[in-house]
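Below is one structure; the comments refer to it alone.
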Amino acid sequence: MRETNLFLSAIIDRAAEGLCVCHEIPEYPYLRFTVWNPQMTEITGYALEEINRSGWYQTVCPDPEIRDRAVGRITKMRQGLDLDSEEWEIRHADGRRRILSISTSVLETGDGLTHVLALMHDVTDRRRAEKALTASEREKAAVLDAMSEIVTYQDADFNIIWANRAAAEYVGAARERMAGKHCHDIICHNDRRCDACPIRAVVRTLRVQEGEIVDRLHDRTLYVLGYPVFGDDGELTGIVSVARDVTEKRQKEDATFRAKKLESIGILAGGIAHDFNNVLTAVLGNINLAQMSVNGGGRLPEHLEKAEAACLRAKDLSQKLITFARGGEPMKRKSSVIALLQKVLKATVTEPHVRHHLTYGDDLYEVAFDEAQMRQAFGNIIANAVEAMPEGGEIFVHIENAAVADAKSSLVANGRHLKITIRDEGRGMTDGELEKIFDPYYSTKSMGTQKGMGLGLSITHSILTKHNGHIAVESTPGKGTVMCVYLPVERTVPEPVGIVSPSAASLEKDRVLIMDDEKMVLDVGGEILGHLGYEVEHAQSGEEAIKRYASAIANGEPFDAVILDLTVRGGMGGRETMDHLMRIDPQVVAFLSSGYTEDPAIKDFERYGFTGVIKKPYSVNALATSLASVLG
């Protein structure tokens, strides 16, 4: 028996937890402890004798509220309601407050007393750490809630466990309702897991992954970063997903890429048009000369007229190429968009089964534009709308003021704009077709006499870009297409200038110097000028033209007019040549000749010292009219 007691005492003394046994007594201090191991002294700071002398309630439970609760708990324990890891706050002998986890059990010993066995464990440090961790988690949650990105924490089966405020706002649901849902259900709105989802790749590779997914319900593109989270055992426990809405960014990137693509093709088209105009100049000039040489009879004049008409059509195509290539430098002036669209609708909507409606708001902004170019731009849009409705339908055009305040979320520049919305009831377009509508020579139409050219909207895009405007397109298959054109309101617009000719009386001679790097242009131009009665000299470069002009003055036979090609391959072009000629002769009379229209010297020729502009390809009449305006 003695050995058993010693064995039990050893177990009690060496227990890792505080262990004590007590029973109630009627007099002060109301509780008497019969067992009190060393851990109890460590936990409370009191030895057995001290606790029995000073009292449990009076030492470790000094607060009246806690004391009353402890007394009530003893009463319940007598009734068989034990404590099971219940936490109590006590005061240590050194004055520190400690948190104890207490479990109790009532012992029946047969002596008529109710003995309570209590096991106590100090959990103060653990609770403090947990509290600190909870505070840290709240801080982290606050940081995540402040983020504009969509942040979710998901388990390995893609169930959402936690979501930040941005995620809840994007989904339009409370966070609690998001918990347990699959991300592809409520974010991507797919009925199955996204094939290209980076979160799936995280589970598969256990590495950070990134990629883009599409929210089909809201038509948004999300850039997603997925981060794996591992447990202490190294196993994947979840994934942190950070998603950013990049829809507007991708739209701007696509627009930039499209513009660069058009620019690259435009450079090619511009070069082709330049060479084409030189060829047309020679062809058209020779046809005119042949017409003037024919003395009548036969059908040769008729054939030459048809050839001339074909050249003029080719000239129109060349101008379209240049407009597409560079947009054509617009000769802007303030004008009525209402009047312009009325003319375009009347000229373009000629099919009896297609009706059009033009409406507009009050006090519309004034905008400046090149009327010829804008007539072409809107004509292309209206023509597309008509062709989209072979069975008939209606075209609705509305003009209104629009103000853009946030260019970051729009492809339209900040500021005031005149917005022209053109809506048809045609077959509409798929997303794939929408992506290509501004590509040159792409068309949804079949090839034919009036179809398949594919340059229309490419030219429209170039014209609007040159006007610092924008065109936006929305379309749904079977529901028609809506095109919105934005024209900016500019603060100041220079008034267009016309040709200012010197007095014919001041010009006494009719010698003309023509400079062009294309021999065929020089040949036909010289022959036309000779036919018109002028004495002509040729130069194939700016340097040669300067030498001939200076030599003519030195010999007392100055030129009365000069025709300078704007661009010369590998040599001095018209603008630079003109700078030298004005140093030699400030009164020089010079015309700028070119098939290009986007160069500043074409738009503002007087600023560069030129008298006028002769556009290629020029006919006999065009050349004669230009020279006659100054030489008489």
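The values are calculated or read from the model by the stated rules, or taken from the named source; none is laboratory data. Values in this document were obtained by computation on a predicted structure and should not be read as measured data. Cβ placement follows ideal geometry from the backbone for every residue including glycine, while neighbour counts extend to all protein chains displayed. These area figures cover heavy atoms from the full protein model, side chains too; ligands, DNA and RNA do not enter into them. Shrake-Rupley method; radii C 1.70, N 1.55, O 1.52, S 1.80 Å.
I'd like the trypsin sites (Lys or Arg not before Pro) in region 203-238 restricted to DSSP loop residues with at most 13 other Cβ atoms within 10 Å, sorted by number. Present the calculation step by step, with values, prior to reporting the outcome.
Working: sites: ARG204, ARG207, ARG216, ARG220; in loops: ARG207, ARG216.
Counting only loop positions with at most 13 other Cβ atoms within 10 Å, the trypsin sites (Lys or Arg not before Pro) in region 203-238 are ARG207, ARG216.
For VAL536, the residues whose amide H sits under 5 Å from its own are VAL512, ignoring neighbours fewer than 5 places away on the same chain, with H placed 1.01 Å from N. The simple spin-label model puts a point 7 Å past each Cα toward its Cβ; for ARG607 and HIS580 those points are separated by 2.4 nm. One chain, two ends: LYS334 and ALA552. Fully extended at 0.36 nm per residue, the span grows by 74.0 nm beyond their Cα-Cα distance.
For region 1-115, what class follows from the C-alpha gyration tensor (a ≥ b ≥ c being the square roots of its eigenvalues): rounded when a/c is under 1.5, otherwise prolate if a/b is larger than b/c, else oblate?
Numbers: a/c = 1.55, a/b = 1.21, b/c = 1.29.
Cα axes put region 1-115 in the oblate bin.
Candidate cross-link partners of LYS181 among the aspartates and glutamates, defined by an alpha-carbon separation under 20 Å and a same-chain spacing of 8 or more, comprise ASP145, GLU149, ASP155, ASP157, GLU169, ASP191, ASP195, ASP215.
Pairs LYS436/LYS466; LYS252/LYS479; LYS249/LYS343; LYS332/LYS479; LYS260/LYS547; LYS252/LYS343: which are spaced more than 30 Å apart, C-alpha to C-alpha?
LYS249/LYS343; LYS332/LYS479; LYS260/LYS547; LYS252/LYS343
Which value in nm describes the separation of the simple spin-label points at THR430 and GLU137, placed 7 Å from the Cα toward the beta carbon? It works out to 5.0 nm between the two label points.
Projected label points at ALA179 and VAL473, each 7 Å from Cα along the beta carbon direction, are separated by 4.9 nanometres.
In nm, what is the difference between 0.36 nm times the number of residues separating ALA372 and ARG207 and their Cα-Cα distance? Kindly include the intermediate steps, with their values, before the conclusion.
Working: separation 165, 0.36 × 165 = 59.40 nm, distance 5.90 nm.
Stretched fully, the ALA372-ARG207 segment lengthens by 53.5 nm.
Accessible area per residue was computed with a 1.4 Å probe on protein heavy atoms; ARG97 scores about 110 Å².
In the context of the full protein assembly, MET429 retains an accessible surface of approximately 20 Å², using a probe radius of 1.4 Å and ignoring ligands and nucleic acids.
Amide hydrogen proximity for THR114: with H placed 1.01 Å from N in the peptide plane, the residues at 5 or more positions away or on another chain lying under 5 Å are GLU24.
I want the local charge near ARG177. Using Cβ-Cβ distances under 15 Å, sum +1 for each Lys or Arg and -1 for each Asp or Glu among the other residues. Intermediate values should be presented prior to the final figure.
Numbers: positive: ARG165, ARG175, LYS181; negative: GLU169, GLU176, ASP185.
Taking every Cβ under 15 Å from that of ARG177, the sum is 0.
How much net charge surrounds ILE99 when only the other residues with a Cβ under 13 Å from the Cβ of ILE99 are counted, with Lys and Arg +1 and Asp and Glu -1?
Details: positive: ARG91, ARG96, ARG97, ARG98, ARG126, ARG127, ARG128, LYS131; negative: GLU86, GLU87, GLU89, ASP122, ASP125, GLU130.
Counting the neighbours of ILE99, the net charge comes to +2.
The simple Förster model, with R0 at 56 Å and r as the Cβ-Cβ distance, assigns MET520 and HIS398 a FRET efficiency of 0.65.
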